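Report on the structure given below.
The values are calculated or read from the model by the stated rules, or taken from the named source; none is laboratory data. Keep in mind the model is a prediction, meaning the values are calculated, not measured. Cβ placement follows ideal geometry from the backbone for every residue including glycine, while neighbour counts extend to all protein chains displayed.
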Amino acid sequence: MSKELWKPGNMLYPLPAVMVSCQRIGEKPNIITVAWTGTVCTNPAMVYISVRPERYSYDIIKDTKEFVINLTTKELAKATDFCGVRSGRDTDKFKEMKLTPSKSEHIFAPGIEEAPVNIECKVKEILELGSHHMFLAEVVGVHADKAYMDENGKFDLNKAELLAYSHGEYFDLGRKIGTFGFSVRKKTKKKSKKK
């Protein structure tokens with residue numbers, strides 16, 4: 001193998017491509033597409049999004065201290081891209097992409113009805129890191145589409161054809177190659193049938 005040494009950069013891919021919805025009281029809701037997002041804690045459940053301060057949604061989230069992370073699917077790819085390249089200053093993204101605002105349970109900002117999962121978040125801290133500021137938030141509610149419940153009542157989100165972002169390109173997730181712990185799980189021996 002031969003590798004080149006590059007200057008420091010964000011090469012941690014793939015990432016989830018999510019649509020983040022936000023809204024001030026008395027104003028239209030807005031959506032921003034974010035790939036700089038992830039889990040930071042299980043208990044309490046906490047996530048983060050990182051947003052450039054010049055983005056229209058930045059001040060909305062900073063002022064309201066809340067947002068909704070909406071997971072995206074192959075079917076939502078066009079809307080996901082559109083909401084990342086158009087500004088809410090000039091465009092009603094819900095209207096343009098024919099998306100439906102859904103009522104949240106614990107915050108004012110709406111979710112996106114067409115998304116398989118809506119994660120309601122309350123901002124706990126804003127870290128000014130440089131080009132992006134990180135909104136560290138507690139998850140206060142999750143809405144999951146019943147269409148992805150299997151016959152045993154288990155939520156099977158993998159059937160949603162979730163979207164991922166890698167170095168400027170969108171991908172739907174591929175086939176399953178293992179489950180958590182498969183590398184150390186003991187193999188069960190098949191019993192041979194005696195004739």
Failed condition for G141, given (1) without any contact (Cβ under 8 Å) to a residue 60 or more places away in the chain; (2) part of a loop (DSSP other than H, G, I, E, B) = (2)
ask   = Pick from the stretch 82-96 the residues that are among the hydrophobic types (A, V, I, L, M, F, W, C) and touching a residue at least 60 places away in the same chain (Cβ under 8 Å): which of them is farthest from R24 (Cα to Cα)?
value = C83
ask   = If we scan the stretch 63-70, do we find a residue that is at pLDDT 95 or above, under 27 Å from G168 (Cα atoms) and among the basic types (K, R)?
value = no
remark   = Inside the stretch 49-106, the number of residues satisfying the requirement of being in a strand (DSSP E or B), over 14 Å from the mean Cα position of the chain (by Cα) and not acidic (D, E) is 2
key: Meets criteria (touching a Leu at 6+ places or on another chain (Cβ under 6 Å), modelled with pLDDT of 95 or more and outside any loop (DSSP other than H, G, I, E, B)) for K124   = yes
request  = Report whether or not F171 is more than 30 Å from K65 (Cα to Cα), in contact (Cβ under 8 Å) with a residue 24 or more places away in the chain and part of a strand (DSSP E or B).
outcome  = yes
task = Starting from residues that are more than 17 Å from E66 (Cα to Cα) and in contact (Cβ under 8 Å) with a residue 24 or more places away in the chain, keep the ones in the stretch 12-35 and report whichever is surrounded by the fewest Cβ atoms within 10 Å (Cβ to Cβ).
result = Y13
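For the stretch 36-64, which residues satisfy the criterion of being of a type in the set (D, E, K, R), over 18 Å from R86 (Cα atoms) and touching a residue at least 40 places away in the same chain (Cβ under 8 Å)?
Answer for the stretch 36-64, where residues must be of a type in the set (D, E, K, R), over 18 Å from R86 (Cα atoms) and touching a residue at least 40 places away in the same chain (Cβ under 8 Å): just K62.
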remark   = Filter the stretch 135-167 for residues that are farther than 17 Å from A45 by Cβ and surrounded by 16 or more Cβ atoms within 10 Å (Cβ to Cβ); the one that is farthest from the chain's Cα centre (by Cα) is D145
remark   = For the stretch 102-125, pairs from a residue that is hydroxyl-bearing (S, T, Y) to a residue that is surrounded by fewer than 18 Cβ atoms within 10 Å (Cβ to Cβ) and not in a strand (DSSP E or B), with Cβ under 6 Å and 6 or more apart or across chains, are S102/E113
remark   = Exception for H106 within (1) surrounded by 13 or more Cβ atoms within 10 Å (Cβ to Cβ); (2) closer than 25 Å to G26 by Cα falls at (1)
